[in-house]
Amino acid sequence: MRLLAGVAAGLLVLCSCTGTPTDDELSLAPSEPTSSAPSDSGENTESEPETTAPSTPSTPAQVDPVSLPALMTKEYDGRGLRLGEVREQTASYTSYQTTYRGDGLTLSGVLNVPRGKGPFPAVVLAHGYIDPAVYRSGQGMTRERGVLADAGYIAFHVDYRNHGTSDRDPDADLDMRLGYTTDVINAVAALRRWDGPVDVDRIGLVGRSMGGGVVYNVLTVMPGLVRAGVVFAPVSSRAVDSYNRWVKVDRPEVAAAIVKEHGEPGPGNGFWRGVSARTYFDRIAEPLMIHHGTLDDTCPIRWSEETVNALRRAGKTVRYHVYPGEQHAFGPQFNRAMQRTIAFLDRNL
């Protein structure tokens, strides 16, 4: 069982013994990246590292409380994962309504557990944007959750704060939704504390659209937390792109509040760099797979192209699959993308 890289003594350590870790062992705290990411020896349609990653991770001298560096210094206390009502039973898995605790909140979600004794590898799912006013628990990645459970993975779909029956956070928008990143990190911690059939050393992340941005954030904030990440049709790794694409145009009142609090985006405003995963790509320690369709009119494919180029410059392992004619939601080529995803997770988890 591999050690989480750079985690200080007394914090989360994954030891090689069996049994359920104690609460003290599962208090997640800031970590440093490992020296290199695991390699992916399967079909490679795209990129390999071009340069050597910096030896020292990027962190500014002064930390804005609303920033990824602030999340890097945060301790995470995900715990209390509890199974509720059964939502669905198939020949392969049982799906449960679920709650867990973290960051002072009770958060809901959906957990698909394969049939059998386990232990099973696990994947935490970060869903894309759905208006919280209409969102229902488990919405947004139902297909992925089912396919992964059919393949023998515990699939934990997180309802972020303000979604489903999760507790409310009135500052979520003003805080650039960085709380969603905290919720996903705490979901990993809660899985590790759970007494169910999970292999605590084999956990990955899968995100879609906005959830792809959450995955980027988690990988930069907590290198070594998981063993691999996969994103579908992700948002930009540069926060200002999403702000300009949606918030500034569709939610002017939120945009005005953000600008009042944090200032206008621009070269002289370091705030926007501090909430962009791309700024800290040198910290990433895990292999990453990106899926994107050429006809995506929600998250333009150029965003993934720019992200892949930035990851290459940082010397990171990224497998980038382009799907000609595919749109944002993935239709005809969804099964192919999931086959690639499962093969990637099988190799790296």
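The values are calculated or read from the model by the stated rules, or taken from the named source; none is laboratory data. Please read all numbers here as calculations on a predicted model, not as lab measurements. Here the Cβ is made from the backbone with ideal geometry for all residues, glycine too, and neighbour counts use every protein chain on show.
Okay, here's what the table says:
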| read-out | value |
| --- | --- |
| Residue check for Thr94: touching a strand residue (DSSP E or B) at 6+ places or on another chain (Cβ under 6 Å), hydroxyl-bearing (Ser, Thr, Tyr), buried (at least 21 other Cβ atoms within 10 Å of the Cβ) and modelled with pLDDT of 95 or more | no |
| Flag if Gly179 is out of contact with any Phe, Trp or Tyr (no Cβ under 6 Å at 6 or more places or on another chain), more than 16 Å from Thr90 (Cα to Cα) and outside any loop (DSSP other than H, G, I, E, B) | yes |
| Pair list, Cβ < 7 Å and 6+ apart or interchain, from the stretch 227-252 residues that are of a type in the set (Ser, Thr, Tyr) to residues that are surrounded by 24 or more Cβ atoms within 10 Å (Cβ to Cβ) and in a loop (DSSP other than H, G, I, E, B) | Ser237/Ser276; Ser242/Val235; Ser242/Ser236 |
| Residue match in the stretch 188-195 (condition: at pLDDT 95 or above and under 11 Å from the mean Cα position of the chain (by Cα)) | yes |
| Which numbered condition Pro132 misses (of (1) within 20 Å of Asp250 (Cβ to Cβ); (2) buried (at least 24 other Cβ atoms within 10 Å of the Cβ)) | (2) |
| Unique residue being more than 30 Å from Met176 (Cα to Cα) and among the charged types (D, E, K, R) when the list is Arg115, Arg79, Arg101 | Arg115 |
| Residue satisfying all of: in the stretch 151-183; farther than 23 Å from Leu71 by Cβ, of a type outside the set (Gly, Ala, Ser) and in contact with a helix residue (DSSP H, G or I) (Cβ under 9 Å, 6 or more places away or on another chain); surrounded by the most Cβ atoms within 10 Å (Cβ to Cβ) among these | Tyr153 |
| Helices (runs of 4 or more DSSP H) completely within the stretch 257-349 that count 2 or more residues being of a type in the set (A, V, I, L, M, F, W, C) and buried (at least 21 other Cβ atoms within 10 Å of the Cβ) | 301-313, 334-348 |
